[in-house]
Amino acid sequence: MLTPAPSVLIIEDEASMRRFLHTTLRANGYQVIETASAKEGMIHAAGRNPDIVLLDLGLPDADGLTIIRALRARARTPIIVISARGREQDKVIALDDGADDYLTKPFGVDELLARIRVALRHAALPPGAPPRPVFESEGLRVDLVRRQVFRRGEEVHLTPTEYKLLGALIRHAGRVVTHRQLLHEVWGAGFVEQTHYLRVYMAQLRHKLEADPARPRLLTTEPGVGYRLRDETAELDDRAIAFEVQE
Amino acid sequence: MPPIHPADSSAIRPGWQYAAAAVIVSATAGLGILLRAHLTTIDMAMLLLLAVVFVASRLRPGPALAAAVLSIFAFDFAFVPPFYTLHVSDTAYLLTFAVMLVVATTMSRLTARIRADALDADARARAAVMVSALTQDLAGAASPADILDVAARHIGVIAGGGTTIHLYERAADGEAVLPSTGALADAATHIVATWAARAGQPAGPGTGRFEDAGVLIVPLASDAEPAGVAVAVLPAQRAAISPADTEVLTALGRQVAAALDRHALDARHEAARVEIEGERLRTALLSSLSHDLRTPLASIEGAASTLLQAAALPHADRRELAETILAESRRMTSLVTNLLNMVRVEAGSLAVKREWQPLEESLGVALLRLDETLHHYPVTVALPPDLPLVPVDELLIEQVFINLLENAAQHCPSGTPITVSAALRDDAVEVTVADRGPGIVPGSEDAIFEKFHRGPASPDNHPAGAGLGLTICRGIITAHGGRIWADSSDGSGAAFHFTLPLAGLPAAGVPAEAAESAAAGKS
């Protein structure tokens, strides 16, 4: 049995960008609803109940953050914000206010599809669902029940803080997690400004888990924003395969 | 005639001068009476005339005239028959009297003129010395502030008191006015100062103008508009300045104003030069930009229109065209990013958000971003494991790494190894990005950091950069308080070094943790 194609609401004022998103997403089996204004976007978000929202932070008629808060007040619909490079602070605020992920203009199709898949996958999990027992990506295997970490089949020993940090990243696997969020989850509310703690432990984790810590493939840095744990399985294009079968 | 020392005579008080004249004439007359047996009447007249000439040459005109009258009486009384009366028997003697009177007055007038001339020459010499000393000091003044310092010092020396300089300012309505602050806070002084500046004449005690003003005001005025005034407070023991000093001060004020005018003119010339230079740079930027932006745009437009029109294009060709579009848009993105960064660096609006962090992280982001560019360039990262955290802005340092690595790839043939290393040096971390390429053209190690400097064409026909990358690196590193430089050992590649000081942000520690406890079973 096939689920209906997921619907994407695009709120973006630039026509050329909208056209690119529309074409790409439709070609990849998504239903697309598009609008150029925040006002109309809010109406569609309520009336058409999209599965995911792509929101440009630089809309002329409203502050992107206002839209995020309004959407969040109503539903858990994943929101991916689109913004220009150099506006890292805006992204951080958007993420801390409830956005699920972001894309920096200009971005490629692979990146766009990967973000959408990861976000949909996270949204598909019912709230409070028990975490999956095993996480696997790029040669890393974490047994969350036994608290064991393997790198290419060999067990790796982590300190308690390192393991907590890895655990937090696994909970958000595939999605960006802001510095603030990670510090809050690992060290506690009083340490959200101590970004250097995070950086030091992140470096330690990379030295234990990455093949080449100077070129991380698994624990990637989102400059000025936070970190992301690559989740191969979530990024996989399972829907596209399903559509091919349907045709 | 002995040399004249005007200072000598003017130093003697007038009363004493009359007394001295009387004594000299009486003594001469006395000597004549004693020697009467050996002298003729004519000899006697000559002797007295000598006394008059002597008095007239050494003393002021008043005493000289008195000496002449006294000697006429003495001559008449003692030597003109009948002796010891004032009666004159021979009218011929009246001529002798007249001659004595004329000689005395002529002599004293002559002396007075010589004395005045000498005084004048002396004052002029003094003024010349003062002005030349001032001119010499002004020549060494590099800025208007220096000029004012020199002016205050020199005017203060002559006035003998503390001197302040007040320049004209533009009032709200655009009119030039003297400021009403400091020594000019007093309204009366302000009025006198304004008059002195406009008239170009000093005012205050001893100048003959506004004698009752509490201070001495020297205008700083050349031929053009007055520049301002110098206000000197005369010392308590000095009631007024001399006319000679007044002239010297006027001359000094003129010199200072001229120096200020000259400086303003130089500044205008410099501004005009900078403006022209800036215009030249902007023109260069525009022509370079239009080329750099148009080239990828032309490729993109060409590829896209071919894709649209030629429907029957083989798959491989379609792919190649699409890849061209992708590569060229990435090139434009990189160029536009560099341009925006350049604008930020130039405008001085580079907000450096420093946080303690390992360099490895920024370098990692840069390497990932340049994955494609560096595909054919093996990059070795050699960061010592004990390298301390550095207080840097991660986005900016990432840009430095990107620009340096891109620069290496741009100028080296494919396959050239690149090494990134770092070391702790005193209170800074020194990072080196070195390649084994053709190196830097000798002598251009500094010039390559200049805006729009482009190195020689690369062997692999890479598209040339806009010549902004290294300039941006320098701007970013400078904003971090560090230094960036390049060297090249001939034939064995180029090396770019930069330092990142560890000071400037409060030290940050990380809480220790039981290092090797296994994660299993604990949390």
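The values are calculated or read from the model by the stated rules, or taken from the named source; none is laboratory data. The shown structure was predicted, so the numbers you read here are calculated from the model rather than taken from an experiment. Note that we place each Cβ from the backbone using ideal geometry, even for glycine, and neighbour counts take in every protein chain shown.
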### Index of the failed condition, B:Leu368 passing every other in (1) out of contact with any helix residue (DSSP H, G or I) (no Cβ under 7 Å at 6 or more places or on another chain); (2) more than 9 Å from chain A (Cβ to nearest Cβ)
(2)
### Task
Would you mention how many residues in the stretch B:203-257 are in a helix (DSSP H, G or I) and over 21 Å from the mean Cα position of the chain (by Cα)?
9
### Task
Out of the residues in the stretch B:326-377 that are surrounded by 21 or more Cβ atoms within 10 Å (Cβ to Cβ) and more than 24 Å from A:Arg215 (Cα to Cα), state the one that is farthest from the chain's Cα centre (by Cα).
B:Asn341
### Summary
Filtering the stretch A:138-159 down to residues that are on the phi > 0 side of the Ramachandran plot and either surrounded by 12 or more Cβ atoms within 10 Å (Cβ to Cβ) or in contact (Cβ under 8 Å) with a residue 24 or more places away in the chain (or both) yields A:Glu138, A:Gly139, A:Arg147
#### Entry: In the stretch B:162-199, the residues that are of a type in the set (Gly, Ala, Ser), within 25 Å of the chain's Cα centre (by Cα) and closer than 21 Å to B:Ser242 by Cα
B:Gly162, B:Ala197
#### Entry: Hey, A:Thr77 at pLDDT 90 or above, surrounded by fewer than 20 Cβ atoms within 10 Å (Cβ to Cβ) and among the hydroxyl-bearing types (Ser, Thr, Tyr) or not
yes
### Query
Can you tell me which residues in the stretch A:181-224 are of a type in the set (S, T, N, Q) and either within 19 Å of A:Tyr102 (Cβ to Cβ) or modelled with pLDDT of 95 or more (or both)?
A:Gln181, A:Thr195, A:Thr220, A:Thr221
### Qualifying residues in the stretch A:2-43 (those that are assigned to a loop (DSSP other than H, G, I, E, B), under 18 Å from A:Leu120 (Cβ atoms) and aliphatic (A, V, I, L, M)) - the one modelled with the highest pLDDT
A:Ala5
## Note on the structure
Per the list (1) touching a Phe, Trp or Tyr at 6+ places or on another chain (Cβ under 7 Å); (2) farther than 29 Å from B:Leu340 by Cβ; (3) not basic (Lys, Arg), residue check on A:Asp51 breaks on (1)
### Task
Determine which single condition B:Pro388 fails, assuming it passes every other condition in (1) crowded, with 17+ Cβ neighbours inside 10 Å; (2) touching a residue at least 40 places away in the same chain (Cβ under 8 Å); (3) over 30 Å from B:Ser287 (Cβ atoms).
(1)
### Top-ranked residue of the stretch B:210-246 - restricted to ones that are among the charged types (D, E, K, R) and surrounded by fewer than 17 Cβ atoms within 10 Å (Cβ to Cβ), ranked as nearest to B:Gly156 (Cα to Cα)
B:Arg238
### Task
Report the residue count in the stretch A:94-116 for those that are in contact with a helix residue (DSSP H, G or I) (Cβ under 7 Å, 6 or more places away or on another chain) and crowded, with 18+ Cβ neighbours inside 10 Å.
8
### Message
The conditions are (1) in a loop (DSSP other than H, G, I, E, B); (2) among the charged types (D, E, K, R); (3) under 30 Å from B:Asn338 (Cβ atoms), and A:Arg76 fails exactly one of them. Which is it?
### Response
(3)
### Query
Quick check, is B:Gly214 free of Cβ contacts under 8 Å to residues at least 60 places away in the same chain, farther than 16 Å from B:Arg254 by Cα and touching a Leu at 6+ places or on another chain (Cβ under 9 Å)?
yes
#### Entry: Matching residues, the stretch B:123-159, being without any contact (Cβ under 8 Å) to a residue 12 or more places away in the chain and of a type in the set (Asp, Glu)
B:Asp146, B:Asp149
### Summary
Of the residues in the stretch A:188-217 that are part of a loop (DSSP other than H, G, I, E, B), touching a helix residue (DSSP H, G or I) at 6+ places or on another chain (Cβ under 8 Å) and aliphatic (A, V, I, L, M), the one that is farthest from the other protein chains (Cβ to nearest Cβ) is A:Val192
### Task
Count, please, the residues in the stretch B:56-90 that happen to be under 19 Å from B:Ala21 (Cβ atoms) and free of Cβ contacts under 8 Å to residues at least 24 places away in the same chain.
3
### Task
Scan B:Leu359, B:Leu383 and give me the residue that is more than 24 Å from B:His453 (Cβ to Cβ), facing another protein chain (nearest Cβ under 9 Å) and touching a helix residue (DSSP H, G or I) at 6+ places or on another chain (Cβ under 8 Å).
B:Leu383
### Task
Those residues that are facing chain B (nearest Cβ under 9 Å) and in contact with a helix residue (DSSP H, G or I) (Cβ under 9 Å, 6 or more places away or on another chain), I need them from the stretch A:152-171; list them, please.
A:Val156, A:His157, A:Leu158, A:Thr159, A:Thr161, A:Glu162, A:Lys164, A:Leu166, A:Gly167
